[in-house]
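The values are calculated or read from the model by the stated rules, or taken from the named source; none is laboratory data. All figures in this text were calculated on a predicted structure; none of them were measured in a lab. Cβ: placed from backbone, ideal geometry, glycine included. Neighbour counts: every protein chain shown.
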Amino acid sequence: MAFERVKGNLACDGVSLAELAERHGTPLYVYSGETLLANIRRLHGGFRDLNPLIAFSIKANSNLAIIRLAVREGCGLDIVSVGELQRALRVGVDPGKIIFAGVGKTDDEISQAIQAGIGMFNVESTGEIAMIDSAAKRLGRRTGIALRVNPNVKADTHKYITTGTTENKFGIDFALIDSAIEAVKAAEAVDLVGLHCHIGSQILDANPYRLAAERLGEVVDRLREQGLDITHINFGGGHGIAYEEGQTALDPAQVAEAIQPTVKRLGIQPILEPGRSLAGPAGVFLTCVINVKRGVAKTFVIVDGAMNDLLRPSLYSAHHRVTPVSDVARGNTRTEVDIVGPVCESGDFLAKDRLLPLPEAGDLLAVLDAGAYGMVMASNYNSRPRAAEILVLDGEAHVVRRRETMDDLLTLESIPHTLR
């Protein structure tokens, strides 16, 4: 276990979190390289019979050190913007193992990706096929695409992170596939090599993947009947992790078993785009208690970490386990508290209605499973500099993103001379 107690104090791969907080300040993100590598290897092991391309989803955690570690372990990369393309190229990934997803790619993004020689685009609409074809012809290149098909499979997850039903903005509905096929046939510089689907995030049941695979398999059969050589099905990501006590993370082997009949029947290579399942359990968010405020109806633990640092709880009431970094005994009494930040919003909280030993000012709390969709969603709201990031690798702590300063925040702004 990456985050475990050593002499009563929480540590990351043997490195004291309290010492890291003292040295680098709070709020602070700390990542376990050992856990990230173990999760990648577990995914490879679960799918070993299917020879997948595993493309780590940069949107889950875009720190250069994290994505470099994933690439060094054999991963490709799933990107959704030209900024993420530049990060992917910076860490030295084989461009042919880059998959460009996203519903709103611009002409400039498409052109830069084609010039970089990416593996394929996940295409969201017939209009996008024409855009990619036009850019490829202009550059004198050919490029691969996969049609993102909306299989209308409903996964049991939060409405903000379900993506595979007809109500979502993503993908091409089954009823519109024929028009997409005609757009592909009319294109001159585009090769249709696969299908793609992503049915949602934080999925804890493998059955939706089986249903999606079966429905995409039917589409592959139709495409092959029309002479189109489909060699890949991209099943996206969405593998859930155990955010709450009593939850069980989705086992990669169960997902592999669910899609295997379709994959074997078609003789295709599966592509996976995991992010949360690899990076989520590999990170913690450290925050320091500023004050404890007792109200009539609530007890508030006010900390220096806020919604601008970790947005998930405020955005869609996401649950993260919270634990004291030190288990210093303060009796057996537990108090129900809300853990809130200093940002001027009622929605600024990290946890609500949690039973914890009542902390004191200066105590450190660790928000667990914060390695995905944490720092990538951070902002400077209330003019708050963003946190530092630390990667623990081979027993050594590395600063992989320094803490922002007010100079960093102000350097891009200026006051017109007429206001001086």
Count of residues meeting criterion [surrounded by 16 or more Cβ atoms within 10 Å (Cβ to Cβ) and assigned to a strand (DSSP E or B)] in segment 1-58 | 17
Give the residue, chosen from Leu310, Leu286, Leu350, Leu358, that is touching a strand residue (DSSP E or B) at 6+ places or on another chain (Cβ under 6 Å) and modelled with pLDDT under 95.
-> Leu358
Is segment 303-313 home to any residue that is touching a Ser or Thr at 6+ places or on another chain (Cβ under 9 Å), surrounded by 16 or more Cβ atoms within 10 Å (Cβ to Cβ) and β-branched (Val, Ile, Thr)?
-> yes
Report whether or not Arg403 is farther than 23 Å from Gln247 by Cβ, assigned by TED's automatic domain parsing to the domain that holds Asn291 and either out of contact with any helix residue (DSSP H, G or I) (no Cβ under 9 Å at 6 or more places or on another chain) or at pLDDT 95 or above (or both).
-> yes
Being without any contact (Cβ under 8 Å) to a residue 60 or more places away in the chain and of a type in the set (A, V, I, L, M) is the filter; apply it to segment 267-300 and report the residue that is farthest from Ile339 (Cα to Cα).
-> Val296
